[in-house]
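Here the structure comes first, spelled out in structure tokens, and everything after it is commentary.
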Amino acid sequence: MSYLRTAILLAGLTALFMGVGYLIGGPNGALIALLVAAAMNLMAYWNADKLVLSMYGAQEVDERTAPDLVRLVRELAQRAGLPMPRVYLMDNPQPNAFATGRNPENSAVAVTTGLLNMLDRDEVAGVISHELAHIRNRDTLTMTITATIAGAISMLAQFGMFFGGGHRDSHHGLGVIGTLVMVILAPIAAMLVQMAISRTREYAADNLGARIAGRTDSLSSALIKISNAAHQIPNETAEQNPATAHLFIINPLSGHGIDNLFSTHPSTENRIAALQELARELGQGGYGGGGRGYAPQRPGSPWGSAGGSRGPWA
């Protein structure tokens, strides 16, 4: 049902984009809007992952530069039945993470240094499993397309302001008042659809991610820590590029101003409640419960208290 709902919402977003084009330029405007949307999505399909990773200054790491982190990602990817994604590290004090890529064969997982500093190994495993769930569910492509169309709707609405809502001598013209209404309401409608898609996929990724990690409590604990820190530790890049906020496991925006009015994520409380329900269904285990969950933290782990490691990003 979640896939059907996502498909319906994407179709609605595309229809909204074409509708704005129609209001500006009639049937020709709708056709142009459709062609523009197709071109933007094609560009996003091939380049969106590179753009967002570059935007956040993410550096690719390997078993030489971050052995513990890369090994953890490999172990969880194998458990999820996925190809090994590329692993990136963002030098950012806010604990957070996101996944990107057009398909599982061309995917990447990026985590911040703040995530590795503030979370223990099991919690990091829960976060990475959540991101791998997005990759397995092909959410990374869906969310990229969603952001692209939503951004295009806002841009098109601004064009409508310049052109006065279409030809003034045509019955398609909106006039000054109609144009103002379109400029205000069209981006809001697009944002609401974008939020609905994002929230649907977050619940699904939490569910599958907890199953991949084998523990619901680690992901719940990670969500609480990240959510609390996100309101205290700013992510300057995210604040400058709010259209990328939905990519992260927790909304990276500080919540100042209008950020709280249009949250891209479900509330942390609701996500934890869903994970607690899943824990009851699984008998506190992962795939089938029992001893198949993620192994407890070991002494000497880079996310533990014992020494002997320079950390996964050293």
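What the table below lists for this structure:
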quantity	calculated
Within region 117-129, tally of residues that are more than 16 Å from residue 81 (Cβ to Cβ) and in contact with a Leu (Cβ under 7 Å, 6 or more places away or on another chain)	4
Residues located in region 110-151, provided they are among the basic types (Lys, Arg) and assigned to a helix (DSSP H, G or I)	121, 136
In region 33-83, the residues that are in a loop (DSSP other than H, G, I, E, B) and buried (at least 17 other Cβ atoms within 10 Å of the Cβ)	56, 58, 66, 82
Residues that are at pLDDT 85 or above, of a type in the set (Val, Ile, Thr) and part of a helix (DSSP H, G or I), drawn from region 194-251	212, 216, 224, 226, 237
Long-range neighbours under 6 Å by Cβ, at least six apart or interchain, first residue outside any strand (DSSP E or B) and surrounded by 24 or more Cβ atoms within 10 Å (Cβ to Cβ) within region 84-101, second modelled with pLDDT under 95 and of a type in the set (Phe, Trp, Tyr)	96/248
Residue check for residue 271: buried (at least 18 other Cβ atoms within 10 Å of the Cβ), over 30 Å from residue 24 (Cα atoms) and at pLDDT 70 or above	yes
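The values are calculated or read from the model by the stated rules, or taken from the named source; none is laboratory data. This structure is a prediction, so every number in the text was calculated from the model and none was measured. Cβ atoms come from the backbone with ideal geometry, glycine included; neighbour counts cover every protein chain shown.
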